[in-house]
């Protein structure tokens with residue numbers, strides 16, 4: 001049994017070729033848009049609809065096997081790193097996204113002044129700035 005099969009079964013999901021292919025693509029790393037995931041899955045499976053990819057990503061996210069992030073002004077992206085309450089830094093120049101571990105201590109990393117009765121278990125923080133390559137480009141333009 002493959003690692004992907006084990007992951008799917010452990011979360012009560014049926015093992016299907018599209019689910020295994022999406023897990024494989026996400027495991028390669030990065031913060032991928034649906035179009036890129038679809039392109040890579042089609043290289044593995046020949047034929048799969050974009051809707052099927054959205055359905056798989058939704059099932060994987062609900063099962064905690066992937067994470068959907070939506071930086072402001074950017075399409076949704078997906079990653080395999082899920083369930084650890086990490087954060088992201090996004091480059092304002094090129095859109096590159098990198099992971100940042102929990103900002104302070106353990107999840108939810110940040111405690112709001114008042115939670116209005118909510119039991120807070122996760123904080124989503126996005127840091128914005130310029131990546132090293134964009135910093136060099138900006139310095140060269142000055």
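The figures follow:
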item	result
Residues within the stretch 79-99 that are modelled with pLDDT under 90 and either more than 11 Å from the chain's Cα centre (by Cα) or on the phi > 0 side of the Ramachandran plot (or both), tallied	3
Answer residue from the stretch 19-43, given it is more than 23 Å from residue 83 (Cα to Cα) and either modelled with pLDDT under 95 or loosely packed, with under 14 Cβ neighbours inside 10 Å (or both) and is farthest from the chain's Cα centre (by Cα) among those	43
Test: residue in the stretch 45-67 that is surrounded by 15 or more Cβ atoms within 10 Å (Cβ to Cβ) and in a strand (DSSP E or B)	yes
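The values are calculated or read from the model by the stated rules, or taken from the named source; none is laboratory data. As the structure is a prediction and not an experimental result, all values here were calculated from the model. Virtual Cβ from ideal backbone geometry, glycine too; neighbours counted across all protein chains shown.
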